[in-house]
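Here the structure is laid out as structure tokens; the discussion comes afterwards.
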Amino acid sequence: MNLKPLLVILAVLAVALTGAAWVQPAPAGGCTIRNVPNDMRLRPPTTPPTTTTAAAATYASQERELQALTNQWRQANGLGALVWSEPLATGARQWSDRLAETGVISHDPNLRAALQGPYSRVGENVGHIGTASTMAVLDEAFRGSPTHFEHYQQPNYTHIGIGIRSDATSLWVTVRFGGTI
């Protein structure tokens, strides 16, 4: 039985319930979760977030893969596909940079102010998975979490932007949704 989706869901639920969580890969490949105050810097990154040209190409491929998985579910359930938004993606990448730098998974408290574009409705999913994991695992975890799944089901969302960054052991993912009421 693959426990990775369950562990990611538990991490997402911890964030939803407490506002912040520290998620660190456990030796056996699982995750440990500890609740912490929102403003606490828990640990320095083991390495700075990777932003080389090769890494950027990998991130872009993963971002589009997660967009495709999201759109596959939406279209199979009678909803329109989400169009890529570079302004949403830029903000998502900046937030993922912060997550990777601090090692703390949290939602952007200034999401509305950080957004650019004509959106009257916005949403955000954040995730943290091991570097050996896949976007399919993260997609399954988002769909398995009622709070995060709401963004998949929202018919008023028309655009998506995704940002992925990494530290030495993890991928930090921010998915931003935009639409109108």
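The values are calculated or read from the model by the stated rules, or taken from the named source; none is laboratory data. Just so it is clear, the structure is predicted and the values come from calculations on it, not from any experiment. With ideal geometry, Cβ positions are generated from the backbone for all residues, glycine too; neighbour counts draw on all protein chains shown. Surface areas here come from the heavy atoms of the whole protein model, side chains and all, with no ligands, DNA or RNA. Shrake-Rupley method; radii C 1.70, N 1.55, O 1.52, S 1.80 Å.
Listed values, structure above:
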quantity	calculated
Strands (runs of 3 or more DSSP E) wholly inside the range 81-181 that include at least 3 residues being of a type in the set (G, A, S) and closer than 21 Å to A57 by Cα	157-166
Residues located in the range 66-77, provided they are open to solvent by 70 Å² or more (accessible area, probe 1.4 Å) and more than 13 Å from E140 (Cβ to Cβ)	Q75, A76, N77
Subset of the range 122-134 that is over 10 Å from the mean Cα position of the chain (by Cα) and among the aliphatic types (A, V, I, L, M) - its residue that is most open to solvent (accessible area, probe 1.4 Å)	A132
Selected residue [out of contact with any Pro (no Cβ under 6 Å at 6 or more places or on another chain), open to solvent by 10 Å² or more (accessible area, probe 1.4 Å), of a type in the set (F, W, Y) and touching a residue at least 60 places away in the same chain (Cβ under 8 Å)] from Y152, Y119	Y119
From the options A100, A81, A92, residue that is open to solvent by less than 50 Å² (accessible area, probe 1.4 Å), out of contact with any strand residue (DSSP E or B) (no Cβ under 8 Å at 6 or more places or on another chain) and closer than 15 Å to I162 by Cα	A81
Options E86, E65: the member that is touching a residue at least 60 places away in the same chain (Cβ under 8 Å) and farther than 18 Å from V126 by Cβ	E86
